[in-house]
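Report on the following structure.
Bear in mind that the values in this text are calculations on the coordinates, not laboratory data. Just so it is clear, the structure is predicted and the values come from calculations on it, not from any experiment. Here Cβ is always computed from backbone atoms with ideal geometry, including for glycine, and neighbour counts include all displayed protein chains.
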Amino acid sequence: MTRETRGTLHLEDARVIRQTAYDGEQFVLRLAAPACAAHAQPGSFVHLTCDPTIPMRRPLSIMRADPVEGWIEVLYKVLGPGLHALAARKPNDTLSLIGPIGKPFTVHPERPRTVLIGGGVGIPPMVFLADRLRNEPAGRYKPLVLMGSEIPFPFRTRPSAIVVAGIPAGTIACMPLLDEWGIASRLASRAGFPGCYEGFVTELADDWLSSLGPAELAEVELFACGPTPMLAACAAVARRHGVPCQASLEEFMACAVGGCAGCTVLVRTPEGEAMKRVCVDGPVFDALTVF
C-alpha cells in the first residue's frame, strides 16, 4: 500500500530485502520502497516503524536509492529498544515508512570541488550525494569524501587506488565502494585503524583545505552530516577558509512532518533569528547560519 501526500511524501509498506551487520552494532538495511526511491534526494530521510509493538518511528538518513529497482538503503547503529527491534527484522518483513522527508543538499556548478564530510551515522547522506555526483556529466564535479568514526567503519576498509594531492602522508584508507565509483575518499579516526588519519575528520578537512590556493578554494563547497559538535567544527573550518558549508542536522523527532515542532533549531536569517523545524525546513541548512 502506498498513499501519496504533499506531492513527494509517501506512506509506504516497505519490504525488507536484506540486513547486513557490521562491527559496533551497525546495520545496513535495504528496503523495497519504490515510491520513496523514486523521489529520494541526497540529504532526505525516512521515518520508519521499527516494530509493530513500538509506536514511535525512527528518523534514518537515506544512504542509497535505486529508482529503477525501487529500493533504498539506510545505515543505523543500535541504540535503544527501537533500533534493537529494527535489527531483528528479517527479509520479507514489512515496515511502515514515511518518506522521503526534508530539504536535500544543493550542489552548485560554480563550486565543483565538493568536499563531503560524514561522521559516524552521518556517513549515509555523503554516500548518497557522491552517488548522484558521479552521474553528473564527466568533469563537472570533483568530489572528495572524508569520513570519520571512533568505532569500526560500516564497511571493509582498504587502501585507495586514487591519489589525492594535499592529503597527509599515510592517510590511504578508503571506502571501497567509492573507489569503485572513481570517487576519492579518505578516513579519519582516533582509534588507530590502519591507513586512517589520526584525528578528527574535521581536522583532516582543515589540513586538506590548507593545501589549496585561493583560486582552488574559490571552487570549494563543504557538505556535512554527523554529530552536532562535528557540524559546529565543520562550520568553523568553513569560516577559516572562506568557503560555504551545507550541514544536515541530526535531531530527535516525534512526527517528522512538521506538526509537533519538537525538532526546532535556532537559525539566523536575513530577518533575524528564527526557530526552524529540522524535519521540513531542513534537515539541510547553511551551516554558517546555525553554528
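List of remarks:
- Taking a sphere under 12 Å around the Cβ of ARG18 and counting the other residues whose Cβ falls inside, with K and R at +1 and D and E at -1, yields a net charge of +2.
- DSSP-loop chymotrypsin sites (Phe, Trp or Tyr not before Pro) across segment 191-261, with at most 10 other Cβ within 10 angstrom: PHE252
- Within the shell of other residues whose beta carbon sits under 14 angstrom from the beta carbon of GLY226, the net charge comes to -3, with Lys and Arg scored +1 and Asp and Glu -1.
- Between the helical axis of 228-241 and the longest alpha-carbon principal axis of the chain there is an angle of about 30 degrees.
- For ALA188, distant residues with modelled amide H under 5 Å away: MET147, GLY148, SER149, TYR197
- When the GluC sites (Glu not before Pro) in segment 228-291 are filtered for DSSP coil states and for at most 14 other beta-carbon atoms within 10 Å of their beta-carbon, the remaining sites are GLU271.
- Cα centroid separation - segment 189-252 against segment 67-142, whole Å: 19 Å
- Longest site-free stretch - the chain; sites: trypsin sites (Lys or Arg not before Pro), DSSP loop, at most 12 other Cβ within 10 Å: 157-291
- Checking every one of the GluC sites (Glu not before Pro) in segment 5-85 against DSSP loop status and a limit of 13 other Cβ atoms within 10 Å picks out GLU69.
- Under the simplified labelling scheme, the MET56-HIS108 pair shows an inter-label distance of 3.8 nm, with each label point 7 Å from Cα along Cα→Cβ.
- Counting neighbouring beta carbons within 10 Å and listing from fewest to most, the residues HIS39, HIS10 come out as HIS39, HIS10.
- When every Cα-Cα distance of the chain is counted in 5 angstrom steps from zero, the calculated P(r) takes the values 1, 6, 12, 17, 19, 17, 13, 9, 4, 1, 0, 0 percent.
- For segment 113-247, relative contact order (Cα pairs under 8 Å, six or more residues apart, normalised by length) works out to 28 percent.
- Over all other residues within a Cβ to Cβ distance under 12 Å of ALA188, the charged ones net out to -3, with Lys and Arg as +1 and Asp and Glu as -1.
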